[in-house]
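S.K.: Here it is: the structure, laid out below.
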Amino acid sequence: MIDVNTVELKAERRVSIEPWRMLLWLLIAQLMVAFVGRSLGPLGILIGDDLSLTKAEIGLLPSALFIGQALASIPVGFMADFIGSRRLLLMLSLCLGVSFLIMTMLTNFVFVLLLVLIGGLGYGAMHPTSNRGIIYWFSQTQRGTAMGIKQMGITFGSAMAGFLLLPLSAEFGWRPVLLIACIGLVITGFVAFAFYRDPLGSLKPRKKVGISFFSRSLLKMGKNKPLLLISLSAMGLNGSQMCLNTYLVLFAYEKMGISLFLSGILLVISEVSGSLGRIGWGVISDRLFNGRRLIIVYIIAVLAAVASTTVAFLPEGTPFFVLVPIIIVFGFCVSGFNGIWMNIASELVPKEQTGLSSGFSITLGSMGVIFIPPIFGLMVDQNGHYTAGWLSITAIMGIVIVLLTMFSRHVRKTSLTDS
């Protein structure tokens, strides 16, 4: 005879395991997208030499990527609420993989920037697409950890780019190495499409899906003051993160006299620390603060300000082993905050609007990545040193703390009004 209890127990186990299986595919897709998209940081020095670029022009490469992200995040986030994540995982992988593959064949800087921007459409839109999956598959007390694991794919992918793509590109050239990485991304997109599934009942048809409905939904997001404030805070943190990713190798190699290999290892350390931060901060918010996220962002901003100030005043020739602990803290903060940010942005609205809220927040947050790295590079070009650039990050963290305080006061005021 069939044991009914055994059958029910197995069914319960499948249900409990299924979200984590789906998380695996979201993580893999996010990792490969970051492996290709975030390769611009470690490969910036080689691309710059190949195309004879200034520091400010090197800073435009990640800016172009995030312009694409800003353009795509809202419409794709809106689309994800209707068609789900599965089909978008494939479409976005193809967008980034094919555009960067074509980029490896170009020598004109303007066309390279254009292809990076197109790739940014796929890179940036992956965030609201995968965030939606997390919100629907996991409960609130699991989302911090799940989102941290998924977001870890970004920093781990970037770390892999520094660890693998930089030394391989130094040996064989950045073009063939990046081309092979793009092919790997396209294959990953097809695999994720084959195995990922949207949760049952998460795709409910809606009657009003025209431009007017989209405009009203977007206007609603713009009037959500907490969402606006956390998005502006993310603008500063995102820009600081990309400055660290873009200029750390150049800073260590040119100003600290560290070899190109060890400079690349510093970037790997920074991104691995960010990966651990995305999980660590999520677990801390879930376990120690019962799902409260804001206090975590406060801590991140303070620690990032301390780290950037420390780097600003390091003397030339500072050895590698002295830089390592500082970069660990720096990366753990500015590269580790994203999971907490994504959770806050997603939890400020009803479930059926999480794609759009993520897209809205990512679009605003991307503004920091578009403008801050080129300004940082311009400071270096004009002053001949990095002190002013690192101190500008300290000032940005001060602004972030002010915005978070406004967020906290507004939420507290709203809670008192509702009660």
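S.K.: Quick check: anything in region 285-292 more than 20 Å from Met152 (Cα to Cα) and not aliphatic (A, V, I, L, M)?
M.R.: Within region 285-292, one or more residues are more than 20 Å from Met152 (Cα to Cα) and not aliphatic (A, V, I, L, M).
S.K.: Looking at Arg197, Arg143, Arg175, which one is touching a residue at least 40 places away in the same chain (Cβ under 8 Å), under 22 Å from Ser275 (Cα atoms) and either in contact with a strand residue (DSSP E or B) (Cβ under 9 Å, 6 or more places away or on another chain) or charged (D, E, K, R) (or both)?
M.R.: Details: Arg197 fails: under 22 Å from Ser275 (Cα atoms); Arg175 fails: under 22 Å from Ser275 (Cα atoms).
The match here is Arg143.
The rows are residues; the columns are (1) among the hydroxyl-bearing types (Ser, Thr, Tyr); (2) more than 17 Å from the chain's Cα centre (by Cα); (3) at pLDDT 90 or above; (4) in a helix (DSSP H, G or I).
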position: Leu219; (1), (2), (3), (4): no, yes, no, yes
position: Pro226; (1), (2), (3), (4): no, yes, no, yes
position: Leu237; (1), (2), (3), (4): no, no, yes, yes
position: Asn245; (1), (2), (3), (4): no, no, no, yes
position: Tyr253; (1), (2), (3), (4): yes, yes, no, yes
position: Leu266; (1), (2), (3), (4): no, yes, yes, yes
position: Val272; (1), (2), (3), (4): no, no, no, yes
position: Ser275; (1), (2), (3), (4): yes, no, no, yes
position: Arg278; (1), (2), (3), (4): no, no, no, yes
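Matching residues to (1) in a helix (DSSP H, G or I); (2) modelled with pLDDT of 90 or more; (3) exposed (fewer than 15 other Cβ atoms within 10 Å of the Cβ):
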| site | (1), (2), (3) |
| --- | --- |
| Gly377 | yes, no, no |
| Trp390 | yes, yes, no |
| Ile393 | yes, yes, no |
| Val400 | yes, yes, no |
| Thr405 | yes, yes, yes |
| His410 | yes, no, yes |
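S.K.: Just the residues that are in a helix (DSSP H, G or I), more than 20 Å from the chain's Cα centre (by Cα) and of a type in the set (Ser, Thr, Tyr), please, taken from region 180-197.
M.R.: none
A quick yes/no check of all residues on (1) among the aliphatic types (A, V, I, L, M); (2) under 30 Å from Ile295 (Cβ atoms); (3) over 19 Å from the mean Cα position of the chain (by Cα); (4) modelled with pLDDT of 80 or more:
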position	(1), (2), (3), (4)
Ile47	yes, no, yes, yes
Leu60	yes, no, no, yes
Asp81	no, yes, yes, no
Ser93	no, no, no, yes
Phe111	no, no, yes, yes
Leu115	yes, no, yes, yes
His127	no, yes, no, no
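S.K.: So Ser275 ticks every box in (1) surrounded by fewer than 21 Cβ atoms within 10 Å (Cβ to Cβ); (2) closer than 24 Å to Gly368 by Cα; (3) of a type outside the set (Asp, Glu) but one. Which box is left unticked?
M.R.: The one condition Ser275 does not meet is (1).
S.K.: Okay, moving on. Among the residues that make up region 273-296, is at least one of them under 23 Å from Met379 (Cβ atoms) and in contact with a helix residue (DSSP H, G or I) (Cβ under 9 Å, 6 or more places away or on another chain)?
M.R.: no
S.K.: With respect to the numbered conditions (1) of a type in the set (Ser, Thr, Tyr); (2) crowded, with 24+ Cβ neighbours inside 10 Å; (3) over 17 Å from Thr363 (Cα atoms), which one is the sole condition not fulfilled by Thr54?
M.R.: (2)
S.K.: Mind listing whichever residues of region 104-123 are farther than 21 Å from Phe190 by Cβ and either assigned to a helix (DSSP H, G or I) or in contact (Cβ under 8 Å) with a residue 24 or more places away in the chain (or both)?
M.R.: Of everything in region 104-123, those that are farther than 21 Å from Phe190 by Cβ and either assigned to a helix (DSSP H, G or I) or in contact (Cβ under 8 Å) with a residue 24 or more places away in the chain (or both) turn out to be Met105, Thr107, Phe109, Val110, Phe111, Val112, Leu113, Leu114, Leu115, Val116, Leu117, Gly120.
S.K.: Could you please tell me which pairs satisfy a Cβ distance under 7 Å, a separation of 6+ or placement on different chains, a first residue in region 287-301 that is among the hydroxyl-bearing types (Ser, Thr, Tyr), and a second residue that is surrounded by 15 or more Cβ atoms within 10 Å (Cβ to Cβ)?
M.R.: Tyr298/Ile401; Tyr298/Leu404
Let's see how each residue does on (1) exposed (fewer than 15 other Cβ atoms within 10 Å of the Cβ); (2) assigned to a helix (DSSP H, G or I); (3) on the phi > 0 side of the Ramachandran plot:
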{"residue": "Arg292", "(1), (2), (3)": "yes, no, no"}
{"residue": "Val311", "(1), (2), (3)": "no, yes, no"}
{"residue": "Leu314", "(1), (2), (3)": "no, no, no"}
{"residue": "Thr318", "(1), (2), (3)": "no, no, no"}
{"residue": "Ile327", "(1), (2), (3)": "no, yes, no"}
{"residue": "Phe332", "(1), (2), (3)": "no, yes, no"}
{"residue": "Gly339", "(1), (2), (3)": "no, yes, no"}
{"residue": "Val349", "(1), (2), (3)": "no, no, no"}
{"residue": "Gly355", "(1), (2), (3)": "no, yes, no"}
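S.K.: Go through region 255-264 and give me each residue that's free of Cβ contacts under 8 Å to residues at least 40 places away in the same chain and not in a helix (DSSP H, G or I).
M.R.: Matches in region 255-264: Ser259 only.
S.K.: Scan region 81-97 for residues that are touching a Leu at 6+ places or on another chain (Cβ under 9 Å) and touching a residue at least 60 places away in the same chain (Cβ under 8 Å) and jot them down.
M.R.: To start, the set of residues in region 81-97 that are touching a Leu at 6+ places or on another chain (Cβ under 9 Å) comprises 81-85, 89, 92-97.
Answer for region 81-97, where residues must be touching a Leu at 6+ places or on another chain (Cβ under 9 Å) and touching a residue at least 60 places away in the same chain (Cβ under 8 Å): Asp81, Phe82, Ile83, Gly84, Ser85, Leu89, Leu92, Ser93, Leu94, Leu96, Gly97.
S.K.: Looking only at region 72-79, decide whether some residue is assigned to a helix (DSSP H, G or I), of a type in the set (A, V, I, L, M, F, W, C), surrounded by fewer than 24 Cβ atoms within 10 Å (Cβ to Cβ) and free of Cβ contacts under 8 Å to residues at least 40 places away in the same chain.
M.R.: Within region 72-79, none of the residues are assigned to a helix (DSSP H, G or I), of a type in the set (A, V, I, L, M, F, W, C), surrounded by fewer than 24 Cβ atoms within 10 Å (Cβ to Cβ) and free of Cβ contacts under 8 Å to residues at least 40 places away in the same chain.
S.K.: Next question. Have a look at Thr145, Thr141, Thr155 and point out the one that is within 21 Å of Ser366 (Cα to Cα) and polar (S, T, N, Q).
M.R.: Unique residue meeting the criteria: Thr155.
S.K.: Follow-up question, since we're still on this one. Could we say that Phe371 is more than 21 Å from Ile134 (Cα to Cα), assigned to a helix (DSSP H, G or I) and touching a Pro at 6+ places or on another chain (Cβ under 6 Å) here?
M.R.: no
S.K.: Right, next: Conditions first: (1) in a helix (DSSP H, G or I); (2) in contact with a helix residue (DSSP H, G or I) (Cβ under 9 Å, 6 or more places away or on another chain); (3) free of Cβ contacts under 8 Å to residues at least 60 places away in the same chain. Gln151 passes all but one, so which condition is the exception?
M.R.: In the conditions (1) in a helix (DSSP H, G or I); (2) in contact with a helix residue (DSSP H, G or I) (Cβ under 9 Å, 6 or more places away or on another chain); (3) free of Cβ contacts under 8 Å to residues at least 60 places away in the same chain, Gln151 misses (3) alone.
The values are calculated or read from the model by the stated rules, or taken from the named source; none is laboratory data. Predicted, not measured: the structure shown is a model, and the values here were computed from it. Ideal geometry is used to build each Cβ from the backbone, glycine not excepted, and the neighbour counts take in all protein chains shown.
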